[in-house]
Structures are given as C-alpha cells and as structure tokens.
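The structure under discussion appears below in the form of structure tokens.
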Amino acid sequence: MKRALIIGKANAGKTLFMLNFAEFLGLKKIIIKFQYPSGRSLKKEMTIDAAKAYLSSKKPYKTRCIQSTKMNIKVYKGHKELNILDSSGLMDGIHPELAIRNGIIQTLDQLENCDLILHIIDTYRVKNKGYISKIDKQIINYGNNKKNYALLPNKIDLDEELGDIKFLRRKLKSSNIFPISALYKTGFNEVKTFVLKSL
C-alpha cells in the first residue's frame, strides 16, 4: 500500500485536510493509528466529526506524532488503497519543547520513506508576510526533485487572489500546485486525481 505524507508548518491545515479529504472520499468513520516517537502506538475508531473535534485545533502543535489512516479511493469498478499520514508541524529553528522536537524529527524521518508528499502551506500567511518560510522553501526544493510531490497552498477561501495559479507559480516555484481550502474541500478533485496517478 502506498503511503502519502502530509507535511508542512504548524497550523497550515494538515489535520483538517486529512479528515475532510477522507470525508470527500465518502468515509463516515476512520481508524486513526497514532505512532508516537517513543515507539508506542494505538488505534482509535472515530466518526469524521468526532475526529475533527478531537484532532484539529487552532492552537499550534496539537499533532505531536504521526497520525495515519487508510483510505479507499474508488476507481471505475474497483478501488485503490492509500495510507495517509498526518504529521507534526515543522518550524524554522528549534522548538524549546522536547516532545515537539521529537514529533518534528519523526516527521522528517517519514519524509524519506513515503511514496507521495502532500506539502501544505498557509497561503494567507505567505501573502500577508510577503515571504515563504525557510522550512517551506526547503521542502519545496526537496519535493521538486521527487516524482510524487504536490504543493497544496491552503486557505484560498480567505482571499480570491490566493487561488490564482499564476500568482502561486511565480511565488512558490513548484510544478505540481493544487490550491485548496481544507475547510471547504475546494480543490480536492485535483488532489484526488494527482494521488490516483501516483498510486
């Protein structure tokens, strides 16, 4: 089964994207596997709504370990399986809290071993600050040398200009760009098409 890693800075919308993408694919319930940096793991079955309430937050670093779930994507008369991994948020510099640093290390370890990279950035933050963070630039540079890398500029629902693909290509310098709203599921058809081509 192919593994897709959702990666990006804290509060970019990674967890919400994973859960709403599962809902977009028709899932009502999911089994989330939590893989902690210590090696401990556990599974929980939840409805999508319960998972959103439990896992998603406006506060940074709610996700402190790899959270994965298996998804079936319908293809004609059959389906393809995907193991999608939500990860701890990255940052420029070194976080002072050990648990968060361990989550970041775990995320970077997964980057080497995944089949697909779905890199989510907060496009609204990029536009307001006028620059892309160092860590996002590094992931873009790394991803552009990989076959199955996609950049998902999130939060386009906050500003019409953020969905302008020409603006994004100039600003972000990446080939596979699919603007999304993780909140409203905008752009999810394009992401699904990309994922299916990569499976």
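The values are calculated or read from the model by the stated rules, or taken from the named source; none is laboratory data. Because the structure is a prediction, the values reported are computed rather than measured. No Cβ is skipped: glycine too gets one built from the backbone with ideal geometry, and neighbour counts run over all protein chains shown. SASA here: full protein model, heavy atoms, side chains in, ligands and nucleic acids out. Shrake-Rupley method; radii C 1.70, N 1.55, O 1.52, S 1.80 Å.
Assorted remarks:
- Length added when fully stretched, LYS59-TYR76, from 0.36 nm per residue minus Cα-Cα: 2.1 nm
- In the range 62-170, chymotrypsin sites (Phe, Trp or Tyr not before Pro) in a DSSP loop with at most 13 other beta-carbon atoms within 10 Å: TYR76, TYR131
- Nonpolar atom fraction for the range 14-124, defined as the carbon and sulfur part of the 1.4 Å probe accessible area, stands at 51 percent.
- Whole-Hz couplings from phi, Karplus 6.51/-1.76/1.60, listed for the range 111-120; x for Gly and Pro: 4, 6, 10, 8, 8, 10, 10, 10, 9, 9
- Per DSSP, loop trypsin sites (Lys or Arg not before Pro) in the range 43-88 with at most 11 further Cβ within 10 Å: LYS58, LYS77
- Length released on extending from ALA99 to LYS147, taking residue separation times 0.36 nm less the Cα-Cα span: 14.1 nm
- Inter-label distance, nm, simple model (7 Å from Cα along the C-beta direction), GLU112/PHE24: 3.1
- Per residue of the chain, the DSSP helices (runs of n ≥ 4 H) give a summed -39500 (n - 2.57) that works out to -10500 deg cm²/dmol at 222 nm.
- Entry note, the range 72-153: relative contact order of 28 percent, from Cα contacts under 8 Å with a spacing of 6+ residues.
- Spin-label model distance (nm) - ASP49 vs LYS185, 7 Å beyond Cα toward Cβ: 1.5
- Only one residue of LEU152, ALA99, THR69 has its Cα farthest out toward the positive end of the dipole of the chain, where Lys and Arg carry +1 and Asp and Glu -1 on Cβ, and that residue is THR69.
- In the full protein context, the chain carries 53 Å² of accessible surface per residue, based on a 1.4 Å probe and ignoring ligands, DNA and RNA.
- Anchor LYS62: aspartates and glutamates whose Cα lies under 20 Å away (excluding residues fewer than 8 positions away in-chain): GLU45, ASP49, ASP86, ASP92, GLU97, ASP109, ASP122, ASP136
- For the pair ASP164 and GLN35 in one chain, pulling the backbone fully straight at 0.36 nm per residue adds 42.8 nm over the alpha carbon distance.
- At R0 = 25 Å, FRET efficiency that the Cβ-Cβ distance of ARG3 and TYR124 yields, to 0.05: 0.30
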